[in-house]
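See below for the structure under consideration.
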Amino acid sequence: MKLTNWLSLLAVIISIILLWSLKEIIIQIFASIVLAMCLCSATGKIKTSLRVPRFLALLLTITSIILILVITILIVVPQFTNEFQELIRQLPSAVNAIWEMFRSGINNISRNIYGDVNNNIAEENLIENIFLSLPDGATLANGATESIRKLLGIASNLGLGIIQLVFILSVSLMIAVQPNSYKEVLIILVPSFYRRRARNILTICGNALTNWMFGVIISSTLVALLAGIGLYILGVKLVVANALLAGILNLIPNVGPTLSTIFPMSIAFLDSPWKALAVLGMYIVIQNLESYLITPSVMQKQVKLLPGLALSAQFIFTIIFGPIGLLLALPLAVVIQVLVKEVLVKDIIESK
């Protein structure tokens with residue numbers, strides 16, 4: 001092996017190590033690009049509709065977003081905060097009630113199998129003895145409460161999170177102001193014979209990211225509205241908090257919708273077990289509507305991802321990038337799928 005080959009291999013290894021050490025910055029830059037694509041798309045639509053200069057259209061877009069956020073913070077956030085705190089307070093009682101009902105059901109099954117026993121039931125009944133060794137509902141509820149408090153304690157450390165958010169927003173605004181300039185910076189890194197094709201591929205990636213962003217926002221909003229209406233009809237408490245959680249967690253496919261059912265079912269169980277089952281059935285109906293009706297309607301132009309690929313992307317990017325990788329797993333998978341299809345399949349495999 002020649003010296004130049006060894007040097008090339010060494011350069012590749014060093015580049016991989018460098019990229020790995022900068023993975024947190026890279027994922028934040030990618031988040032900025034996703035937001036910038038959303039801003040550019042909204043700006044383009046306003047520019048076309050109102051026939052105004054692009055800078056004015058961008059200013060109108062940013063102003064509209066700020067107004068929506070201010071209204072949300074003033075009206076929705078206080079109600080959500082109060083209800084979420086009440087939700088956390090009531091969750092241990094719900095866990096305790098569910099656990100005690102589970103233990104009672106096991107005891108009844110055991111008595112039907114082994115018959116009635118008196119004081120030495122723990123020694124004679126194997127199933128009963130096993131469940132007597134398990135923690136009671138109060139212990140389990142206290143453990144759940146402590147875990148939630150630790151989670152909220154981690155979330156309350158907002159210093160680093162605020163810095164990262166400011167960085168993401170700043171970079172996204174810079175890209176949105178001059179998208180073509182930043183696009184050309186990337187194009188310069190590509191060999192000259194491939195630059196025209198690279199511009200086309202970047203445009204496809206941008207369109208895919210924009211369609212994904214708008215589609216997710218619309219579908220999550222509709223899921224939150226449907227969940228709120230359903231919970232209100234069923235008479236479940238803390239409607240606003242549970243509905244907003246359903247919409248927010250809908251941003252995380254596969255995992256999010258499952259997690260969103262835990263809180264309303266726990267609160268509904270305090271009223272009646274049948275109500276908890278009704279909540280579960282309602283959420284199943286909503287998720288089927290979202291999967292087979294809402295999402296196909298609002299994401300007709302989105303790059304189609306196979307469920308296995310989406311789940312694998314969530315798992316891999318969460319391990320690599322942490323929680324932000326879970327949130328950005330699908331847009332990352334969309335970009336990777338576009339690059340594989342356009343570069344590897346069309347330009348390399350099919351061109352031979």
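Some observations on this one:
- Ordered from largest to smallest accessible area (heavy atoms of protein chains, 1.4 Å probe), the residues Ser49, Ser266 come out as Ser49, Ser266.
- Accessible area per residue was computed with a 1.4 Å probe on protein heavy atoms; Glu24 scores about 120 Å².
- Computed with a 1.4 Å probe on the full set of protein chains, the accessible area for Tyr194 sits at about 50 Å².
- Solvent exposure ordering (accessible area, 1.4 Å, most first) of Glu86, Glu350: Glu350, Glu86
- Applying the Karplus relation 6.51 cos²θ - 1.76 cosθ + 1.60 with θ = phi - 60° to the stretch 309-320 yields 3J(HN,Hα) values of 5, 5, 5, 5, 4, 4, 5, 5, 6, 5, 5, 6 Hz, where x marks Gly and Pro.
- Filter on Lys183/Lys341; Lys183/Lys346; Lys23/Lys341; Lys45/Lys183; Lys23/Lys47; Lys45/Lys346 - keep pairs with C-alpha separation over 27 Å: Lys23/Lys47; Lys45/Lys346
- In the context of the full protein assembly, Phe30 retains an accessible surface of approximately 30 Å², using a probe radius of 1.4 Å and ignoring ligands and nucleic acids.
- Residues Ser32, Ser104 ordered from highest to lowest accessible area at a 1.4 Å probe: Ser104, Ser32.
- Multiplying the residue separation of Ile316 and Gln85 by 0.36 nm and removing their Cα-Cα distance gives an extension gain of 79.9 nm.
- Ile65 paired with Ile163, simple spin-label distance in nm, labels 7 Å along Cα-to-beta-carbon: 2.3 nm
- Estimated FRET transfer efficiency when R0 is 25 angstrom, pair Lys183-Ile218 (beta carbons, to 0.05): 0.40
- Modelled FRET efficiency - R0 51 Å, Leu225 with Leu7, Cβ distances, 0.05 increments: 0.30
The values are calculated or read from the model by the stated rules, or taken from the named source; none is laboratory data. Bear in mind the structure is a predicted one, so any value in this text is a computation, not a measurement. Because the Cβ atoms are built from the backbone with ideal geometry, glycine has one as well, and the counts that use them run over all protein chains shown. Ligands, DNA and RNA are excluded from the accessible area calculation, which covers all protein heavy atoms including side chains. Shrake-Rupley method; radii C 1.70, N 1.55, O 1.52, S 1.80 Å.
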